[in-house]
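Below is one structure, written out as C-alpha cells; comments come after it.
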Amino acid sequence: MNAPDTPFASDAAVAAAADKAEPRVIAWRRDFHQNPELGNREVRTAKVVADHLRALGFDSVREKVAHTGVVGVLKGGLPGPVVARRADMDALPVAEEVDVPFKSKVRTQWNGMDCGVMHACGHDAHTAILMGVAEVLAGMRERIPGTVKFLFQPAEETPPVGEEGGAKLMVEQGCLRDPDVAAVFGLHITSIYPTGKIGYRSGPMMASADRFRIFLRGVQTHGAMPWRGIDPIVIGSQVVLGLQTIVSRRMDITKEPSVVTVGVFQGGVRQNIIPDDVKLEGTIRTFDEAQRTEIQEHVKHLTTMIAQAGGAKAQVFIDRGYDVTVNHPGLTDWSIPVLGRIAGDANVSVVDKICGSEDFSCYQKEVPGFFYFVGCTPPDRDAATAAPNHSPRFFVDENCLKLGVKTLSALALDWLAANRG
Ligand SMILES: [Zn+2]
Ligand SMILES: [Zn+2]
C-alpha cells in the first residue's frame with residue numbers, strides 16, 4: 001500500500017529500509033539495555049547515538065545539550081519545513097529481575113543511595129527506534145521535502161536532586177530553534193498493549209504532576225497530657241482528610257478527573273510523646289491547567305486553615321512538575337490515518353487518560369506535538385497482567401521496535417510532504 005499524498009518516498013520503501021535496519025535496532029536496544037545510565041548520566045548512550053548520526057552523514061550533530069542530550073539535523077534533498085522526533089535515553093534506579101542474556105547488572109549511586117539500574121521504562125527501545133528512524137530517513141534523504149530534527153533527550157524520569165535536566169532544559173538550550181521546528185512527534189512503548197497495537201488520545205492524554213510538602217508545627221508535650229501542647233499528628237490527620245475533599249467536593253469532575261494523594265506522613269518517635277512537628281508529602285495530578293492552579297490553591301488554603309483552627313502553624317510548598325501532555329487535536333486527527341495505514345486501522349485505538357506524566361509535554365507547549373503508545377507485550381502473554389513500565393520485571397517484545405521505526409518514519413515523511421507549502 002502506498003501513501004496517497006507522498007510522491008516522495010513510498011511506504012514500501014520505508015518498510016524495506018526498516019526491515020533492513022531491524023537487526024541493528026535490536027542490537028542497539030540490547031546494548032543500551034545491558035549498559036543503562038540514569039538521568040543526566042547518559043554519557044555512553046549519547047556517544048553511541050552521536051557517532052551513529054555522524055556516520056549517517058547528518059548535517060549537524062550537537063552534543064551535551066541539557067548535559068547529555070544529542071540533537072541531530074538531517075536536511076532532505078528537497079525544500080520544506082522542519083519536523084522533530086524525540087526519544088528519551090535515561091534508565092531507572094531499579095534492579096532488573098528479567099532473565100535475558102543482556103540483563104542489566106549495573107549498580108550506581110542515585111541521590112546518595114546505592115541502587116541497581118535498569119531500562120524499566122523502555123527508553124532503551126525509544127533510543128534504538130529513533131536511531132533506526134535516522135538510518136531509514138538518511139537512506140532516502142534526497143526524496144525528503146524538508147528537514148528532520150532528532151532529539152535524544154536525557155533525564156525524562158527527572159534528573160538527580162539538585163540538578164536541572166530533561167525536556168525543559170533541552171528547550172531552554174534551543175533544541176527547537178535553528179532550524180525552527182514546526183511539529184514534534186514521540187512515542188512510548190507500554191506493556192499494557194500487545195505488540196502491534198497503538199494507543200493515542202486527542203487533547204489531554206497524560207496528567208500534570210506536582211509535588212506538595214507540608215510542614216506542621218505544634219507544641220511538644222507528654223502523650224498523657226495532650227492539653228499541655230498542640231498535637232501536630234491529630235492536625236496532620238485532619239489535613240489528610242481535608243485534602244481528600246478537594247477532588248470530591250470542590251472540583252467539577254464532569255470536566256476532567258484529578259487526584260490528590262498524600263504519600264508521606266512523618267512525625268513522632270515514641271508512643272507516649274506528642275511531637276513538635278509533622279511532615280506530609282503528596283502528589284497532585286490534573287488534566288487541565290485551570291484545575292491544576294485551583295487544586296494548588298485549595299491545598300494551601302485548606303492546610304493553613306485547618307492548622308490555624310488547631311492552633312498549629314503550617315508551611316506549604318508546591319513544586320511544579322511536568323505539565324499536562326496535550327496532543328494537538330489537528331495534528332492528532334492528521335496522524336491517525338498514517339498510523340492506521342502502517343499498523344492496520346484495527347490496531348490503532350483511543351486510550352483512556354493516564355495519570356502518569358511525561359516531559360514530552362514541554363515540547364508540546366512550544367510547538368504542536370503528537371505522542372502515542374506502542375504495545376510491547378508478546379502475543380503469548382496477557383497484556384492486562386504484564387509487569388508495568390517501571391517494574392523490575394518489565395519485559396519488551398523486540399518485535400515492537402520495527403513498528404516504532406516505521407510509524408515515526410512515515411509520520412515524518414508524510415508530515416513534511418503535506419506541509420511543504
Ligand atoms: Zn517512566
Ligand atoms: Zn518513560
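The values are calculated or read from the model by the stated rules, or taken from the named source; none is laboratory data. Model, not experiment: these values are computed from the prediction. Here the Cβ positions follow ideal geometry from the backbone for every residue, glycine too, while neighbour counts run over all protein chains shown. Each accessible area value is taken on the protein alone, full model and side chains, heavy atoms only, with ligands, DNA and RNA left out. Shrake-Rupley method; radii C 1.70, N 1.55, O 1.52, S 1.80 Å.
Given a 1.4 angstrom probe, I'd like the percentage of the accessible area of the chain that is carbon and sulfur, rounded to a whole number. Before the final figure, lay out the partial values.
Details: 9550 of 17910 Å².
Whole-percent figure for carbon plus sulfur exposure: 53.
Hey, what's the Kirkwood Rh for segment 257-364 if you take every pair of different alpha carbons, in angstrom? Write down the numbers at each step before the final one.
On the way: mean 1/r = 0.0567 Å⁻¹.
Value: 17.6 Å, from the Cα pair sum.
With every protein chain in place, what's the accessible area of MET305 (1.4 Å probe, Å², nearest 10)?
90
Relative to the longest principal axis of the C-alpha atoms of the chain, give the angle of the C-alpha long axis of helix 289-310, reported between 0 and 90° and rounded to the nearest 10°.
That helix lies at roughly 20 degrees to the long axis.
For segment 186-344, what is the charge dipole size about the Cα centre, in debye to the nearest 20, if Lys and Arg each add +1 at the Cβ and Asp and Glu each add -1 at the Cβ? Could you put the intermediate results ahead of the total?
Details: 17 positive and 14 negative charges, 56 e Å.
Dipole of segment 186-344, to the nearest 20 debye: 260 debye.
Under the rule of -39500 (n - 2.57) per DSSP H run of 4 or more residues, summed and divided by the residues of the chain, what mean residue ellipticity at 222 nm is obtained, to the nearest 500 deg cm²/dmol?
Details: 9 runs with 136 residues, N = 421.
That comes out to -10500 deg cm²/dmol.
Give the long-range amide H neighbours of HIS188: residues separated by 5 or more places, or on another chain, with amide H under 5 Å away, using H modelled in the peptide plane at 1.01 Å from N.
TYR372, PHE373, VAL374
Report the relative contact order of segment 145-232, percent, no decimals, based on alpha-carbon pairs under 8 angstrom and at least 6 residues apart. If you can, show how the numbers build up before the last one.
On the way: 34 pairs, mean separation 11.9, N = 88.
Here the relative contact order equals 14 percent.
Order of 293-303, 83-93 by packing, highest average Cβ count within 10 Å first?
By packing density, highest mean first, the sequence is 83-93, 293-303.
Over all distinct alpha-carbon pairs, what is the Kirkwood Rh of the chain in angstrom? Write out the running numbers ahead of the final one.
Details: mean 1/r = 0.0435 Å⁻¹.
Value: 23.0 Å, from the Cα pair sum.
Which entries in LYS255/LYS300; LYS197/LYS402; LYS75/LYS365; LYS105/LYS168; LYS75/LYS149 show an alpha-carbon gap greater than 19 Å? The partial results should precede the final answer.
On the way: LYS255/LYS300 22 Å; LYS197/LYS402 12 Å; LYS75/LYS365 25 Å; LYS105/LYS168 30 Å; LYS75/LYS149 8 Å.
Table pairs above 19 Å Cα-Cα are LYS255/LYS300; LYS75/LYS365; LYS105/LYS168.
Take ARG177 and GLN220, extend 7 Å from each Cα along the Cα→Cβ direction, and tell me the distance between the two endpoints in nm.
5.3
Averaged per residue, what accessible surface does segment 251-291 expose to a 1.4 Å probe, in Å²?
Working: 2220 Å² over 41 residues.
I get 54 Å² per residue for segment 251-291.
Please state the charge dipole magnitude for the chain, taken about the Cα centre, from unit charges on C-beta atoms (+1 on K and R, -1 on D and E), reported in debye and rounded to the nearest 20. Spell out each step's value before the answer.
On the way: 45 positive and 50 negative charges, 80 e Å.
For the chain, the charge dipole is close to 380 debye.
Are there cysteines in the chain with no other Cys C-beta under 4.7 Å, and if so, which?
CYS115, CYS121, CYS175, CYS355, CYS362
Pull out the extension gain between SER349 and ASP319, defined as 0.36 nm times the separation in residues minus the alpha carbon to alpha carbon distance; nm, one decimal.
Details: separation 30, 0.36 × 30 = 10.80 nm, distance 3.41 nm.
Gain on stretching SER349 to ASP319: 7.4 nm.
Compute the long axis of helix 123-138 from its Cα atoms, compare it with the longest principal axis of the Cα atoms of the chain, and write down the angle in degrees, 0 to 90, nearest 10.
30
What angle, in degrees between 0 and 90 and rounded to the nearest 10, separates the Cα long axis of helix 11-34 from the longest principal axis of the Cα atoms of the chain?
40
Cα gyration tensor of segment 3-108, axes a ≥ b ≥ c as square roots of the eigenvalues: rounded (a/c below 1.5), prolate (a/b > b/c) or oblate?
Values: a/c = 2.69, a/b = 1.58, b/c = 1.70.
Oblate, because a/c is 1.5 or more while a/b does not exceed b/c.
Among THR283, SER409, THR377, whose Cα projects farthest towards the positive end of the dipole of segment 283-421, with charges put on the beta-carbon of Lys, Arg (+1) and Asp, Glu (-1)?
Final value for the positive-end residue is THR283.
Using the alpha-carbon centroid of each, what span in Å lies between segment 205-237 and segment 301-335?
Distance between centres, Cα-based: 20 Å.
Please give the FRET efficiency for GLU366 paired with LEU241, using the beta carbon to beta carbon distance and R0 = 35 Å, rounded to the nearest 0.05.
Values: r = 40 Å, r/R0 = 1.14.
FRET efficiency, GLU366 to LEU241: 0.30.
Measuring from label point to label point, each 7 Å out along Cα→Cβ, what is the LYS64 to ASP333 span in nm?
Modelled inter-label distance: 4.6 nm.
So how much slack lies between VAL161 and THR293, counting 0.36 nm per residue of separation and subtracting their Cα-Cα distance, in nm? Display every interim value, and only then the final one.
Details: separation 132, 0.36 × 132 = 47.52 nm, distance 2.45 nm.
Gain on stretching VAL161 to THR293: 45.1 nm.
Per 0.36 nm of contour for each residue apart, how much would the distance between ALA387 and THR261 grow if the chain were fully extended, relative to their Cα-Cα spacing? Before the final figure, lay out the partial values.
On the way: separation 126, 0.36 × 126 = 45.36 nm, distance 2.31 nm.
The span from ALA387 to THR261 would gain 43.0 nm if fully extended.
May I ask which residue of ALA386, ALA343, GLY321 lies farthest towards the positive end of the charge dipole of the chain, with charges of +1 (Lys, Arg) and -1 (Asp, Glu) on Cβ and the Cα centre as origin?
The residue sitting most towards the positive pole is GLY321.
Give me the mean projected area, in nm² to one decimal, of the convex hull enclosing the Cα positions of segment 95-239. Present the calculation step by step, with values, prior to reporting the outcome.
On the way: hull surface 64.9 nm².
Here the figure is 16.2 nm², rounded to one decimal.
Any idea what diffusion coefficient segment 356-401 gets from Stokes-Einstein, in µm²/s, Kirkwood Rh on alpha carbon pairs, 25 °C, 0.890 mPa s? Please report the intermediate quantities before stating the final value.
Numbers: Rh = 12.8 Å.
Translational D for this selection: 192 µm²/s.
In vacuo Debye scattering of segment 321-421, one point per C-alpha: log10 I(q)/I(0) at q = 0.21 Å⁻¹?
-1.33
Using +1 at the Cβ of each Lys and Arg and -1 at the Cβ of each Asp and Glu in the chain, identify which of THR304, GLN220, GLY116 lies farthest towards the dipole's positive end.
GLN220
Sticking with the crude label model, points 7 Å out along Cα→Cβ, report the distance from ARG30 to HIS301 in nm, one decimal please.
5.9
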